[in-house]
Every structure is written in structure tokens, then in C-alpha cells.
């Protein structure tokens, strides 16, 4: 493997530089730690690193600099190295005063966090924040130096990008190699030895040490790769009945899995795509309780899955449920997938929503070739030095724009409304306003688009919804986050839904389904033993925290239902 220069960490202070240098000795084996006594010296370091193509992972600066206001310095540095994480380290003697002045700018995204400058050795609270930010940088920006999985592909095809996104979201280190590289040649030879079929790309080499002992596959879909790594629902004994089957592994489904498994329920989770659901594509969720520096949706999903597995939950990804067959008279419910059946005493429907389609046919043909539904972090890395457009006015669109601005030359958010106030959190609106690479274009829709000479997205035709005036603009990327369409056609007619297709629960269930004049409990559908939580539920808040709360709450209703079944069977 070629040598990759160590990422740079820049430490900036006039009076506290010895303290910072002492604290960052522990990082010198893996990072190129460089001190600077002024803003000008730090800028020179960043310019040299950029010219050399050396990545910059982190900037740690004193809150007061001798030659420039720290906020102006941070602004300039972000323009030079937009992907670097930024910490302001404040001496304790100035902490109260400086935090008061800096707090509004932290909320607007000028920097990632401020911390008290360490007062002595082993200030692990300080280093916890440092490592957290370096980890986030490594997961979302840095090219992996470890290749537990090798992807062999001659170009960034839609399937190759989908495989990379899948591996990113499940936390598997991977690297992509061209077919004529030594790694590509080895994979091609192994594939030819193991398969009679014609070679097609991408190849996926599930490597370890030695690489030659691991299989090479040419998956036709992400599901094939997922099944190889995580198994099929048919791996469960077909005669067995689990206590709880959770459909969907977004925030609601993951919370249900954690609480169900931790409370002794035999729990199985079926996810049609990747752990984390739609929230898993969010580059940074800043308003989730308990994560003051924010957390990526990918990382949140990974942690929740690990937590659920620790309690005994089993996950099967890449297997959409195609049918629910409700049990009759207390018999188990049956979930049908292409990978097998799951029989469960209780089911929590947490299959979430998908982004609605734009409906512009030429752009639908370019999905995976510069056009993306959702905000996949893998695709964001491909947007370097491009003019990118984001369609949508919700928090997911705002988070996507902020992340894309680390790579793209410019990011334009397109909305049909006059402004973002009614649909996006204030903290995100403020962050967008302070980012020089991001602009919001109101009252605008896309009516056409097409490819460039390479077959990638090249242009968009925009239209003012008030005047119908049109404008053709060059575009290197399009990210569509435009509302929610429910994932529940597989439920059949037994589970009632509203006019938009969302599952009805509690008092919203039609009165003819009530029992003895009483509505079902809050998260209960009209089918006994079938519950709904998260974005799939009619009237839900469409927020990560709300979905997590509903998933946890649904488990208490499952316990009540199962207890009622036991009492009934005993009598």
C-alpha cells in the first residue's frame, strides 16, 4: 500500500502553546502535529499542507490570538481547509468571559466546540472531545488506510457507490482500487478461480490476512453483500416463534430492539437497507439529547445496533418484508421476506419513510450518476470542487448542505417556500447563513436536467414558482430530500392507514376497529399484537428523538400484550 502522509493537527497560541504541545504528544504517532504562535503562522502551515495535498484533521486554537481576531481566523481557515474540525481551547482564567462572547458563534457553526485548556496531565475530558472530533473526521472525510473490504471498480458506478455507502454506514473500513492495480489483479484472479461466470464490476474482496484466503464476489445488489455478511431470515429455525419482530432499523426500530432485548424478549430486527434508516444518512445531528458536539446518523446507528446485539437482539439487513400475515386468535404473526419467514408473537412496524421522487424523468435516469436521494456521505466525497444543489427545506436537507459544503465549491438549497423558518430548526438556519459556500434559493423548483459528456449530471433547469421564469445552471451534484413517503405497502388491508399511507394507531384507528367502545393504546394498530413507531406512524413528529422514544414506548405495550396472551391461554 502506498504511503499516505499523516493528517495534520495545528495548535495555535501565543502564550499557551507549550501546554497544547504537551497535551498533544499522545497523537504524534498518528498525526503530524504542528505548533503555531500566531494566526499568520497557522495560515502558512495550512497553505503548505494544502499545496502538498496533505489532509488537515484538526485545528486547536487559543481563544485570543496576538495578530487576529479568533473568529476571523477561524473563518479564513475554514476557507482553506473546510473539512478540518475546529476547537477553541480557552484558559480557565478567561473561560467565563470568552465563552460568553463565543457562544453565539458556536451556535452558528463557526467552530465545533470550545473546551477548557487542560490544567495538568491526563485531562481525559478534554481528550474525549478531541478523539470524538477526530473520529468523526476519520469516518466522514479521511480515506481509509485499512481495507477490511476491497472494492475493485474501474469507475464510480451507482452500484460501486452504493456498496461504499453500505460499508461506510456499517463501519467497515474499505478502499477502492482500479482493476489494473495489484489489489485489483489479485481479486480478478481469485474471482476467475472461484467462479465460472463472466467477471463484472464492482468486485468485492472480503479481505483479511492473508487476502488470498478470503472470497471475492461480484454482487448485483447491496442486498447480496449484506446477506453474505449478516445472513438470511431463514437462518432462524422455521418452527421457532420469536417474542418480538421489529421491521426497520432506524431510530425507532433500534430503540425497540435495545429495550425489547434488554428486557428479556427474544428480538429479531429486519431492515431492508442499512442500519440507521434515513437518519443514518445524516452527516451530523446536533440537537439529539446527550451529544453536545453532535453525532452522525451513521455513528448513532452503529452504536445502537451494538447496544442491541449486546442484549441478544439479532439483525438481518438487506431483506425487505414483502408481506405481513396477521395471526388469528392469538396465533403468531408471520413476516415474509425473500430470505425466509419470521414468526413473531408481536410486531413493531418501524419501517420509516423514503424521500419522495422528484418526478423529472431525465434526472431519475441519472440517479447514482450525480443525482442522489438522501445525503449519503460517500457521495458527498465525490463532490469536491463542484457546484452542488440540495432540494428540501427540512433538517435533513440543512445537515446535508453543511456537510457537502466541506467538499463542494458551492451548495445551493432549493425550496418552493419563501424561506426555511417553518420547516428547519433555527440552529441550522443560522449555520447555513454563516457558511460562505451555502446559499438558499427560495421559490424555485427543478423542471429539467441532463448529463455532461461523461454521462454524469451536468446541468439543471430551474424555474421560479411565482414568475415561471427559467434558468439553466451547471450542476455537478444533486441531493434530493423532499418529503416523506411511507414504507408500508407490505402491511395489507388489515392494518389501517391514513390517506397518505401512514399507519393509524390509538384513537386515530377507525371506530369500527375499537373493542368495547375503547380505542387501541397510543402506538397500537387495529391488529392485536401489531404496533407502529417512528416516522411510519400517522401524526408522528418526524424527529430522531421522537422516533427513539416511540420505539422504546412500544416495547412496554408489547409486554402488556404478551402478558394478556399468557393470561388468556392460562384460563
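For this structure, a couple of remarks:
- Taking the helices alone, the chain has a mean residue ellipticity at 222 nm of -9500 deg cm²/dmol, built from -39,500 (n - 2.57) per DSSP H run of at least 4 residues and averaged over all its residues.
- If the chain linking residue 470 and residue 30 were pulled fully straight, counting 0.36 nm for each residue of separation and taking away their Cα-Cα distance, it would gain 153.3 nm.
- With the simple model of a label 7 Å out from the Cα in the direction of the Cβ, residue 224 to residue 322 spans 1.8 nm.
- Listed peptides 88-95, 355-362, 476-483, 255-262 appear in the order 255-262, 476-483, 88-95, 355-362 once ranked by packing, highest mean of other Cβ atoms within 10 Å at the front.
- Span per principal axis, largest first, for the Cα atoms of the stretch 321-398 (Å): 60, 26, 24
- Förster radius 22 Å - calculated FRET efficiency between residue 21 and residue 44 (Cβ-Cβ, nearest 0.05): 0.80
- Residue 447-residue 64 pseudo-label distance in nm [points 7 Å out on the Cα-to-Cβ vector]: 5.8 nm
- Ranked by the mean number of other Cβ atoms within 10 Å per residue, highest first, peptides 507-520, 25-38 order as 25-38, 507-520.
- Protection proxy ranking of 195-205, 460-470 - average other beta-carbon atoms within 10 Å, highest first: 195-205, 460-470
- Tilt relative to the chain, helix 95-107 - C-alpha long axis, 0 to 90 degrees, to 10: 60 degrees
- Rounded to the nearest 10 degrees, the inclination of helix 395-404 to the longest alpha-carbon principal axis of the chain is 40 degrees.
- Å³ per residue enclosed by the Cα convex hull of the chain: 186 Å³
- Cα convex hull volume per residue for the stretch 361-482 (Å³): 92 Å³
- Using C-alpha pairs under 8 Å with a sequence gap of at least 6, the mean separation divided by the residue count of the chain gives a relative contact order of 11 percent.
- Gained length - residue 194 relative to residue 107, 0.36 nm times residue gap less alpha-carbon distance: 25.8 nm
- Enclosing the Cα atoms of the stretch 492-544 in their convex hull gives a volume equal to 80 cubic angstrom per residue.
- Full-extension gain in nm, residue 515 to residue 500, via 0.36 nm per residue minus C-alpha separation: 2.9 nm
- For the chain, the longest principal axis of the Cα atoms and the long axis of helix 251-262 meet at an angle of about 70 degrees.
- Centroid-to-centroid separation of the stretch 78-99 and the stretch 109-130 [C-alpha atoms, Å]: 10 Å
- Length-normalised contact order of the stretch 8-140 in % [C-alpha pairs under 8 Å, at least 6 apart]: 23 percent
- Beta bridges from DSSP with both residues in the chain: antiparallel share about 35 percent, rounded to the nearest 5.
- Averaging the Cα positions of each part gives two centres, and for the stretch 304-351 and the stretch 485-504 these lie 17 Å apart.
- Relative compactness, the stretch 1-159, computed as alpha-carbon Rg over 2.2 N^0.38 Å: 1.11
Rule-based calculations on the coordinates, nothing more; no lab input. Keep in mind that what you see is a predicted model, and the values were worked out from it rather than measured. No Cβ is skipped: glycine too gets one built from the backbone with ideal geometry, and neighbour counts run over all protein chains shown.
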